[in-house]
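The values are calculated or read from the model by the stated rules, or taken from the named source; none is laboratory data. The structure displayed is predicted, hence computed values, not measured ones. Because the Cβ atoms are built from the backbone with ideal geometry, glycine has one as well, and the counts that use them run over all protein chains shown.
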């Protein structure tokens, strides 16, 4: 009786590790292997798309032309506004775009300024 039990246990163990060969000789992936391969390919695709997206506009001359070369600091006098400062500093340029730049550079939420307030005004060369 004990030899019959050992023989059937040996048969079950060997069935799990049978050496079957693939007729084409290539590797056959199970479900976990196919999932891992798919995730690796998708990850690489996402990295490639992100790299392309971040570098797409790096050489644009339009963005470089809009950056100021330097700044000048101006103290607001009594009765002055952003419009008067921008009109004086813009010359022939557009005062509205200069007002927007002054607000961004100085972190202003509104175009209201007070006398004695220091403002950085971008200069375009």
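Would you check which residues across segment 86-106 are in contact with a strand residue (DSSP E or B) (Cβ under 6 Å, 6 or more places away or on another chain) and either more than 18 Å from residue 116 (Cβ to Cβ) or part of a helix (DSSP H, G or I) (or both) and list them? Before you say what the answer is, go through the steps one by one.
As a first pass, look at segment 86-106 and keep what is in contact with a strand residue (DSSP E or B) (Cβ under 6 Å, 6 or more places away or on another chain): 89, 101-102, 105-106.
Listed by number, the residues that qualify are 89, 101, 102, 105.
State all residues of segment 90-102 that are under 16 Å from residue 73 (Cα atoms), in contact (Cβ under 8 Å) with a residue 12 or more places away in the chain and either in contact with a helix residue (DSSP H, G or I) (Cβ under 7 Å, 6 or more places away or on another chain) or surrounded by fewer than 16 Cβ atoms within 10 Å (Cβ to Cβ) (or both); if no residue qualifies, say none.
The answer is 98, 99, 102.
Of the residues in segment 107-125, how many are modelled with pLDDT of 85 or more, in contact with a helix residue (DSSP H, G or I) (Cβ under 9 Å, 6 or more places away or on another chain) and either exposed (fewer than 10 other Cβ atoms within 10 Å of the Cβ) or not in a strand (DSSP E or B) (or both)?
Here the count works out to 6.
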